[in-house]
Amino acid sequence: MSEEIFKKVVSHAKEYGFVFPGSEIYDGLGAVYDYGQNGVELKNNLRQYWWKAMVQMNENIVGLDAAIFMHPKTWEASGHIAGFSDPMIDNKDSKKRYRADQLLEDKITRYEKDGKTNKAGELQSDLDTAMLENNLSALKNLIEQHEIACPVSGTRNWTDVRQFNLMFSTEMGANAEDSDKIYLRPETAQGIFVNFLNVQKSGRLKIPFGIAQTGKAFRNEIIARQFIMRMREFEQMEMQFFIRPGTQKEWYAKWKEARMNWHKKLGFGEGKYRFHDHVKLAHYADAAVDIEFNYPFGFKELEGIHSRTDFDLKNHQELSGKKLQYFDTDLDETGKAFGNYIPYVIETSVGLDRLFLATLCSCYVEEEVGKEEKKETRVVLKFPAILAPIKVAVLPLVKKDGLPEKARGIIDNLKLDYNCFYEEKDTIGKRYRRQDALGTPFCITVDYDTMNDESVTIRYRDTMKQERISISKIAEILKEEISWNKLLS
Ligand code: ATP
């Protein structure tokens with residue numbers, strides 16, 4: 001898919017109630033977006049797909065919903081106050097601000113597109129080293145060496161690279177003197193770590209076990225781009241899997257495979273995904289990999305899988321003074337109980353908004369339909385049926401003679417199980433096209449024959465095939481076609 005089509009996807013998302021720019025009547029708020037009536041349904045369904053795969057399908061993974069506000073010490077322990085920053089650079093002519101590492105990432109993508117794989121690999125390695133060592137002047141050198149110009153001014157007149165902390169802060173407390181500075185969480189993971197013992201003890205969980213959580217995270221991204229790819233308020237779906245030290249290699253490999261399979265089951269195309277192993281690792285990780293998705297603007301991170309050792313729990317234990325240990329009664333090879341230890345952790349972390357974007361880009365299709373003289377382009381969102389915002393649209397052919405009442409009667413029987421949509425305006429052809437554009441997998445049309453013989457027309461979105469069926473069969477067909485089985489079995 002080209003950048004050209006990407007622009008169409010973005011405007012389609014707005015026109016059909018999926019995603020709106022935040023606070024649009026005030027000309028928007030940078031990198032903040034609102035999900036519309038259809039977007040919220042798709043997002044809920046994607047979240048449910050993750051939740052079911054994690055929590056419902058695994059007896060040793062449980063859920064959690066921790067608060068967004070956390071004690072300020074949390075962020076000291078996690079290292080976010082000291083080190084959660086991005087390197088920024090300004091162009092002196094355009095006065096535009098960029099993330100130095102992203103300018104370099106873009107250059108890597110361009111090298112890859114031009115077939116210069118060696119150059120891309122070399123730059124990736126230099127970039128990884130500079131980022132890991134937090135070497136700001138090395139980043140500046142790379143920008144100069146690779147002759148990167150500002151996309152706006154076209155010049156290479158850059159400032160030095162500086163650090164910029166990404167956490168949003170606010171005040172908690174009634175009056176200024178005794179209020180505390182607190183932060184909006186930049187990741188959901190820490191809510192899981194501080195509750196590790198609460199959940200383990202109240203759930204009587206045995207290692208290995210996982211805690212899963214979805215929720216908002218906030219990052220004051222220096223430069224936000226590519227629609228909902230990089231937002232300042234976004235949603236994460238994270239799972240921390242607590243294990244015995246020494247078993248991390250095995251569990252890391254398992255989760256890497258499981259997460260890739262989960263993505264591929266969506267059916268967007270196996271070739272659209274790849275692993276990107278982190279060669280140079282952050283001090284707390286002993287292995288890390290990204291699952292990248294081939295967006296219209298190139299392969300970009302969709303999910304991260306990290307072997308985090310005992311870094312977080314150990315630091316929380318130190319700073320809080322509370323023991324965050326697990327007593328393992330299982331026996332080792334010598335017959336001795338493993339005893340007390342701080343568990344190691346494998347983390348899987350996927351951005352819901354990035355998953356939403358991958359879904360929208362993959363399912364957006366423009367097709368030529370119709371015969372020779374009446375050829376037209378139809379835009380259709382080919383969502384897996386279970387993820388579609390609206391599952392079934394019920395359309396009376398005309399808005400008189402009892403047809404609307406009949407259609408509403410059909411909806412009344414389905415709406416407990418499925419999100420239904422009623423529409424009586426426009427020709428039936430136009431109404432079908434509109435449902436295609438919303439990704440509705442099934443349309444049911446009520447006509448005059450329905451009034452005599454209780455039959456309706458069911459139309460399938462992808463094939464546009466139409467069938468005459470009895471009203472009594474609708475629920476059976478929908479049950480067969482709209483099922484989690486296809487994604488989760
Ligand atoms: P990036 O390198 O793209 O900034 P990251 O490595 O900082 O991402 P993580 O901290 O590993 O990201 O967060 C886990 C997941 O959260 C990412 O894989 C991504 O899907 C999502 N995510 C992170 N930042 C954003 C953002 N600003 N907007 C939307 N999703 C995000």
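Pick from Asp417, Asp412: which is open to solvent by 30 Å² or more (accessible area, probe 1.4 Å), assigned to a loop (DSSP other than H, G, I, E, B) and not hydroxyl-bearing (Ser, Thr, Tyr)?
Asp417
Out of the residues in the stretch 299-314 meeting the condition of being of a type outside the set (D, E, K, R), in a strand (DSSP E or B) and open to solvent by 10 Å² or more (accessible area, probe 1.4 Å), tell me which one is farthest from the ligand (Cβ to nearest atom).
Step one: of the stretch 299-314, the residues of a type outside the set (D, E, K, R) are 299, 302, 304-307, 309, 311, 313.
If we keep only those that are in a strand (DSSP E or B) too, we end up with 299, 302, 304-307, 309.
Then keep just the ones that are open to solvent by 10 Å² or more (accessible area, probe 1.4 Å); that gives 299, 306, 309.
Values: Phe299: 12, His306: 7, Thr309: 16 Å.
Checked the stretch 299-314; the qualifying residue farthest from the ligand (Cβ to nearest atom) is Thr309.
Starting from residues that are of a type outside the set (D, E, K, R) and closer than 16 Å to Met70 by Cβ, keep the ones in the stretch 202-219 and report whichever is farthest from the ligand (Cβ to nearest atom).
Only one residue fits best here, namely Ile211.
Mind counting the residues in the stretch 159-191 that are aliphatic (A, V, I, L, M) and out of contact with any Asp or Glu (no Cβ under 7 Å at 6 or more places or on another chain)?
6
Any idea which of Tyr273, Tyr252 is closer than 17 Å to Gly351 by Cβ and under 22 Å from the mean Cα position of the chain (by Cα)? Before the answer, list the steps.
Values: Tyr252 fails: closer than 17 Å to Gly351 by Cβ.
Selected residue: Tyr273, the only one of Tyr273, Tyr252 that is closer than 17 Å to Gly351 by Cβ and under 22 Å from the mean Cα position of the chain (by Cα).
Within the stretch 342-366, how many residues turn out to be among the aromatic types (Phe, Trp, Tyr) and either in a helix (DSSP H, G or I) or surrounded by fewer than 23 Cβ atoms within 10 Å (Cβ to Cβ) (or both)? Walk me through how you get there before you give the answer.
Step one: filter the stretch 342-366 for residues among the aromatic types (Phe, Trp, Tyr), giving 344, 356, 364.
If we keep only those that are either in a helix (DSSP H, G or I) or surrounded by fewer than 23 Cβ atoms within 10 Å (Cβ to Cβ) (or both) as well, we get 356, 364.
Residues flagged as among the aromatic types (Phe, Trp, Tyr) and either in a helix (DSSP H, G or I) or surrounded by fewer than 23 Cβ atoms within 10 Å (Cβ to Cβ) (or both) within the stretch 342-366 amount to 2.
Only one residue in Phe241, Phe193 is under 21 Å from Ser320 (Cβ atoms) and among the aromatic types (Phe, Trp, Tyr). Which one?
Result of the check over Phe241, Phe193: Phe193.
Scan the stretch 203-251 residue by residue and report those that are among the charged types (D, E, K, R), in contact with a strand residue (DSSP E or B) (Cβ under 6 Å, 6 or more places away or on another chain) and open to solvent by 30 Å² or more (accessible area, probe 1.4 Å).
Narrowing the stretch 203-251 to residues among the charged types (D, E, K, R): 204, 206, 216, 219, 221, 225, 230, 232-233, 235, 238, 244, 249-250.
Going one step further and asking which of them are in contact with a strand residue (DSSP E or B) (Cβ under 6 Å, 6 or more places away or on another chain), we end up with 216, 233, 235, 238.
If the condition is that a residue be among the charged types (D, E, K, R), in contact with a strand residue (DSSP E or B) (Cβ under 6 Å, 6 or more places away or on another chain) and open to solvent by 30 Å² or more (accessible area, probe 1.4 Å), then Lys216, Glu233 are the ones that fit.
Regarding the stretch 182-191, can at least one residue be identified that is open to solvent by 10 Å² or more (accessible area, probe 1.4 Å), part of a helix (DSSP H, G or I), within 16 Å of the ligand (Cβ to nearest atom) and in contact (Cβ under 8 Å) with a residue 60 or more places away in the chain?
Among the residues of the stretch 182-191, not one is open to solvent by 10 Å² or more (accessible area, probe 1.4 Å), part of a helix (DSSP H, G or I), within 16 Å of the ligand (Cβ to nearest atom) and in contact (Cβ under 8 Å) with a residue 60 or more places away in the chain, which makes the answer no.
Restricting attention to the stretch 318-341, which residues are in contact with a strand residue (DSSP E or B) (Cβ under 9 Å, 6 or more places away or on another chain), open to solvent by less than 70 Å² (accessible area, probe 1.4 Å) and part of a loop (DSSP other than H, G, I, E, B)?
So in the stretch 318-341, the residues in contact with a strand residue (DSSP E or B) (Cβ under 9 Å, 6 or more places away or on another chain) come out as 323, 325-332, 337-341.
Then drop every residue that is not open to solvent by less than 70 Å² (accessible area, probe 1.4 Å), which leaves 325-326, 328, 330, 332, 337, 339, 341.
Scanning the stretch 318-341 gives Gln325, Asp332.
Conditions first: (1) in contact with a Phe, Trp or Tyr (Cβ under 9 Å, 6 or more places away or on another chain); (2) open to solvent by 40 Å² or more (accessible area, probe 1.4 Å). Gln200 passes all but one, so which condition is the exception?
(2)
Out of curiosity, is Ile346 of a type in the set (Val, Ile, Thr) and away from the ligand (no atom under 16 Å from the Cβ)?
Details: of a type in the set (Val, Ile, Thr): yes; away from the ligand (no atom under 16 Å from the Cβ): no.
No; evaluated as a whole, the condition is false for this residue.
Pull up the stretch 268-294, narrow it to residues that are within 13 Å of the ligand (Cβ to nearest atom) and among the small types (Gly, Ala, Ser), then point me to the one that is surrounded by the most Cβ atoms within 10 Å (Cβ to Cβ).
Ala288
So Leu487 ticks every box in (1) closer than 30 Å to Met260 by Cα; (2) part of a loop (DSSP other than H, G, I, E, B) but one. Which box is left unticked?
(2)
Quick check on this structure: which one of Glu59, Glu122, Glu76 is open to solvent by 40 Å² or more (accessible area, probe 1.4 Å), out of contact with any Gly (no Cβ under 9 Å at 6 or more places or on another chain), of a type outside the set (Gly, Ala, Ser) and part of a loop (DSSP other than H, G, I, E, B)? Walk me through how you get there before you give the answer.
Working: Glu122 fails: part of a loop (DSSP other than H, G, I, E, B); Glu76 fails: part of a loop (DSSP other than H, G, I, E, B).
Result: Glu59 is the single residue among Glu59, Glu122, Glu76 that is open to solvent by 40 Å² or more (accessible area, probe 1.4 Å), out of contact with any Gly (no Cβ under 9 Å at 6 or more places or on another chain), of a type outside the set (Gly, Ala, Ser) and part of a loop (DSSP other than H, G, I, E, B).
Report, ordered by the first and then the second residue, all pairs with beta carbons closer than 9 Å, sequence separation of six or more or different chains, a first member in the stretch 149-178 that is part of a loop (DSSP other than H, G, I, E, B), and a second member that is open to solvent by 50 Å² or more (accessible area, probe 1.4 Å) and β-branched (Val, Ile, Thr).
That search, which allows pairs on different chains as well, returns Met167/Ile81.
The values are calculated or read from the model by the stated rules, or taken from the named source; none is laboratory data. As the structure is a prediction and not an experimental result, all values here were calculated from the model. Reconstructed Cβ throughout: ideal geometry from the backbone, glycine too, with neighbour counts over all protein chains shown. In case anyone asks, the SASA skips ligands and DNA or RNA and just uses the protein heavy atoms, side chains included. Shrake-Rupley method; radii C 1.70, N 1.55, O 1.52, S 1.80 Å.
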